[in-house]
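The values are calculated or read from the model by the stated rules, or taken from the named source; none is laboratory data. Bear in mind the structure is a predicted one, so any value in this text is a computation, not a measurement. Cβ sites come from the backbone with ideal geometry, for glycine too, and all protein chains shown count toward neighbours. When the accessible area is computed, the model is the full protein with side chains, heavy atoms only, and any ligands, DNA or RNA have been set aside. Shrake-Rupley method; radii C 1.70, N 1.55, O 1.52, S 1.80 Å.
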Amino acid sequence: MGDQPLSIFQVSGRAMSAQLVRMNTTASNLANAGTVASSSSAAYRTIKPVFRTAFDAASGMATVDVEQVVTAGAEPEKRYDPGNPMADQDGNVWESAVDETRELVDMMESARTYQNNVEVMQTAKSLIVDTLKLGR
Amino acid sequence: MTDSLFGVHGAALSVRSQRMGVLASNIANASTPGYKAKDIDFRAALASADAPGGSIDGAIDAATLYRVPVQSSADGNTVELTTEQTAFAENAVAYQTTLSFLNGRIGQISRALKGE
């Protein structure tokens, strides 16, 4: 990829894989909501993908890639819970600060965008097939 | 640029397919911060492709403009899905229409050649 001009299928396909990465990070965040650790550094932090436009001057089209996955959001919350088996010697645990509402909204948006790209691909496919049938 | 057999439809098909790519790019970048949506002014592109000495590539480049968003978003992205989806659907139908015109013309020519 990169040295060849983009096709409309690559534009939508790469956008779909980017949305899939976003969906995976959202799933990881939701799965780790409320998990505790015995230190601030060991606690789970929300992860988010960073999207970057990939321009292609030859075809005049642009697709999207995931540049990196970064940790974002609030710091883990310190809580005094000496009965917890994960507590340190002072009796503190660190709970991951995952904003579940935000993650669910992200999940819905990601699913909708994915669906839009599928639709684009289907339309493009049927138009290309019709063009090939020209004159028959 | 106008073809004697197929008229303006060949150029129209090129512009329509290029526009489909541009609109697909917008939809692909619906959640990329800072992405600026573009669109091709079909009428302008076709008019300058059809002008004497005009080329399709040059006409498309000149008619590709940044979209002005109805309501700007905080992350600098100017893709508005309703606008893009409407434009994409309209463009797909217009492409299909051009194909029908071309099919009709091809039928006409082949009937003329066969002497039917």
Legend entry - Residue satisfying all of: in region B:59-69; in contact with a strand residue (DSSP E or B) (Cβ under 8 Å, 6 or more places away or on another chain) and facing chain A (nearest Cβ under 10 Å); surrounded by the fewest Cβ atoms within 10 Å (Cβ to Cβ) among these: B:Thr64
Inset, instruction - Could you please find all residues in region B:23-58 being at pLDDT below 90 and within 14 Å of chain A (Cβ to nearest Cβ)? - result: B:Ile56, B:Asp57, B:Gly58
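Hey, among the residues in region A:97-112 that are among the hydrophobic types (A, V, I, L, M, F, W, C) and outside any helix (DSSP H, G or I), which one's surrounded by the fewest Cβ atoms within 10 Å (Cβ to Cβ)?
Top of the filtered list is A:Ala97.
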Inset, instruction - Would you be able to say whether some residue in region A:46-57 is open to solvent by 50 Å² or more (accessible area, probe 1.4 Å) and either in contact (Cβ under 8 Å) with a residue 40 or more places away in the chain or over 30 Å from B:Tyr66 (Cα atoms) (or both)? - result: no
Inset, instruction - Might you check whether a residue that is outside any helix (DSSP H, G or I), among the hydroxyl-bearing types (Ser, Thr, Tyr) and touching a Phe, Trp or Tyr at 6+ places or on another chain (Cβ under 9 Å) occurs anywhere in region B:16-33? - result: yes
Legend entry - A:Ala62 vs. criteria open to solvent by 30 Å² or more (accessible area, probe 1.4 Å) and either away from every other protein chain (no Cβ under 14 Å) or not charged (D, E, K, R) (or both): no
Legend entry - Test result for A:Gln115, over 18 Å from A:Val11 (Cα atoms), under 15 Å from the mean Cα position of the chain (by Cα), open to solvent by 50 Å² or more (accessible area, probe 1.4 Å) and of a type in the set (S, T, N, Q): no
Legend entry - Restricting region A:69-112 to residues that are more than 21 Å from the chain's Cα centre (by Cα) and basic (Lys, Arg), the residue that is farthest from the other protein chains (Cβ to nearest Cβ): A:Arg79
Inset, instruction - Starting from region B:1-23, keep only residues that are hydroxyl-bearing (Ser, Thr, Tyr), then list their pairs with residues that are outside any helix (DSSP H, G or I) whose Cβ atoms are within a distance under 8 Å, requiring at least 6 positions of separation or different chains. - result: B:Thr2/B:Val8
Inset, instruction - Residues being under 16 Å from B:Val22 (Cβ atoms), open to solvent by 40 Å² or more (accessible area, probe 1.4 Å) and either in a loop (DSSP other than H, G, I, E, B) or in contact (Cβ under 8 Å) with a residue 12 or more places away in the chain (or both): count how many of those fall in region B:70-111. - result: 3
